[in-house]
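Peer 1: Dropping a structure here in structure tokens format, bear with me for questions.
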């Protein structure tokens, strides 16, 4: 008589394998949210002012995401991927941390920095913007912009903006109540009112170089001082 135990063992093993396979098929593999970018605009503010935090987040499962914000100073208002960050009343460097979670508990986190400056009402920046002698072009209503870093200048993220005073090839400008710190400055005349710099516009910066090789220089303003600047203007030749 042949033993039935080998057949029984085979059936038990096959059944066990089938159960394992079925269990694996029923388990859903969920995806982790991915924070593709996080930005704060502007990245430098005066005490008590606000900045905007914006995130770009993807989730392959296309699930509803929940955002949790904490800060080392100031307060967050709003929900979702775009919120306001009110700066604290003390100058310093602060961080906002965000945790993004989906309904399955998958998480991603990141942080962003905000520089908060002291507001000193006794500081001021004044200056003139002018073409070289012999150039009779009108700098009326030019935009004078302050930047807190070279990176912000390159990305066109201005800290403050005023318009020039006067008209003709020589105009003046003035900033009051500027927080102490280091800045860059540009002057732009949007001659075609297109809101983007195009050929034929007028442009200048505090610093050296020329329109082909501009070299903006930083400058520092201290408490209780007035900084006087001179900016040479150029005609933009290419877009």
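Peer 1: Cut-off is 10 Å between beta-carbons; in what order do 52, 233 appear when sorted fewest neighbours first?
Peer 2: Lowest count first: 52, 233.
Peer 1: Zone of residue 177 (label point 7 Å along Cα→Cβ, backbone N under 12 Å): which residues in segment 112-146?
Peer 2: 119-123
Peer 1: At a Förster distance of 22 Å, what's the computed FRET efficiency of residue 103 paired with residue 77, Cβ-Cβ distance as r, to 0.05?
Peer 2: Computed FRET efficiency for residue 103 and residue 77: 0.35.
Peer 1: On C-alpha positions alone, give me the angle between the axis of helix 5-26 and the longest principal axis of the chain, in degrees, nearest 10.
Peer 2: 20 degrees
Peer 1: Given points 7 Å out from each Cα along the Cα-Cβ axis, report the residue 50 to residue 37 separation in nanometres with one decimal.
Peer 2: Here the modelled spin labels are 2.3 nm apart.
Peer 1: What Rg and what Dmax come out for segment 34-117 when only alpha-carbon atoms are used, in angstroms?
Peer 2: 13.2, 42
Peer 1: What's log10 of I(q)/I(0) for segment 124-235 at q = 0.10, 0.19, 0.21 Å⁻¹, Debye sum over Cα points only, no solvent?
Peer 2: Per q value, in the given order, log10 I(q)/I(0) is -0.26, -0.98, -1.19.
Peer 1: How far apart, in nm, are two points set 7 Å out from the Cα along the Cα-to-Cβ line at residue 86 and at residue 132?
Peer 2: For the pair residue 86/residue 132, the computed spacing is 5.2 nm.
Peer 1: Another one. Quick check on packing: order 216-228, 142-154 by the mean number of other C-beta atoms within 10 Å, highest mean leading.
Peer 2: Ranking, from highest mean packing down: 142-154, 216-228.
Peer 1: Segment 119-176: Rg/Rh from Cα coordinates, Kirkwood Rh?
Peer 2: Ratio of gyration radius to Kirkwood radius for segment 119-176: 1.04.
Peer 1: In units of 2.2 N^0.38 Å, what is the alpha-carbon radius of gyration of the chain?
Peer 2: 1.67
Computed from the coordinates by the stated procedures, all read-outs in this text should not be read as laboratory data. This structure is a prediction, so every number in the text was calculated from the model and none was measured. All Cβ positions, glycine included, derive from the backbone under ideal geometry; neighbour counts span all protein chains shown.
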